[in-house]
Amino acid sequence: MRSAANPFNLPALADSHAKYRQSLKDIKYKQEHLAKLLKHQKSLQEKVEHASKREKAIADTLRVELAQLDLEVAAKTAELRSFKRSALREGVEEQFRGMLEFAGKAQLIGTYGMQLASQIPLMPDLKPGDPLPLYQNAL
């Protein structure tokens with residue numbers, strides 16, 4: 001529930017920004033997980049190369065493990081690409097939705113504030129003792 005003391009509802013704007021930041025953090029987390037898999041893949045490739053020079057049976061076992069890892073990396077890479085697009089889109093949409101709500105309320109307050117300011121009469125030739133005119137549309 002919004003109070004009259006907080007017409008702009010700044011917590012809602014902050015909440016939409018927090019959701020945007022969380023979507024970026026989710027993307028980063030998944031990228032870090034993929035980076036770990038890629039590092040493991042590179043390590044395994046080096047082990048295969050090293051083992052193929054000395055022990056064929058171990059090299060064959062490592063090649064099977066590497067093939068499975070290659071499939072997992074390919075799947076995770078494709079999943080990450082899709083996730084990055086959807087998470088970024090949702091986050092950006094949420095942030096701009098909050099901005100739109102805030103801007104709409106700010107526009108209303110600005111419009112009525114300008115109307116209120118226009119009610120103040122300007123008196124450039126006011127001399128001491130002259131009566132002050134009433135505000136326009138004053139009660």
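The values are calculated or read from the model by the stated rules, or taken from the named source; none is laboratory data. Values in this document were obtained by computation on a predicted structure and should not be read as measured data. For neighbour counting, all protein chains shown are included, and Cβ atoms are generated from backbone atoms with ideal geometry for every residue, glycine included. Accessible surface is based on the protein model in full, side chains and every heavy atom, while ligands, DNA and RNA are left aside. Shrake-Rupley method; radii C 1.70, N 1.55, O 1.52, S 1.80 Å.
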*Calculate how steeply helix 56-118 sits against the longest principal axis of the alpha-carbon atoms of the chain, using the helix alpha-carbon long axis, and give the answer as 0 to 90 degrees to the nearest 10.*
0
*Label assignment, Rg and Dmax of the Cα atoms in Å derived from the structure, set [x] 18.6, 58; [y] 32.1, 109; [z] 15.2, 48*: [y]
*Per the 1.4 Å probe, what fraction of the accessible area of the chain, in percent, lies on carbon and sulfur atoms?*
60
*Tilt of helix 10-54 relative to the longest C-alpha principal axis of the chain, in degrees (0 to 90, nearest 10)?*
10
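If I stretch the segment between A18 and L38 completely, what's the gain in nm (0.36 nm per residue apart, minus their alpha carbon distance), one decimal?
4.2 nm
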*Go through 111-124, 37-50 and give me the packing order, highest mean Cβ count within 10 Å leading.*
37-50, 111-124
*asked:* What whole-number volume per residue, in cubic angstrom, does the convex hull of the C-alpha atoms of region 21-100 give?
replied: 57
_Cα-based Kirkwood hydrodynamic radius, region 69-139, one decimal, Å_ = 17.9
*Solvent-accessible heavy-atom area per residue, rounded to whole Å², over the chain at 1.4 Å*: 81
_Tell me the net charge near K36. Cut-off is 14 Å between Cβ atoms, K36 excluded, with +1 for each Lys or Arg and -1 for each Asp or Glu._
+3
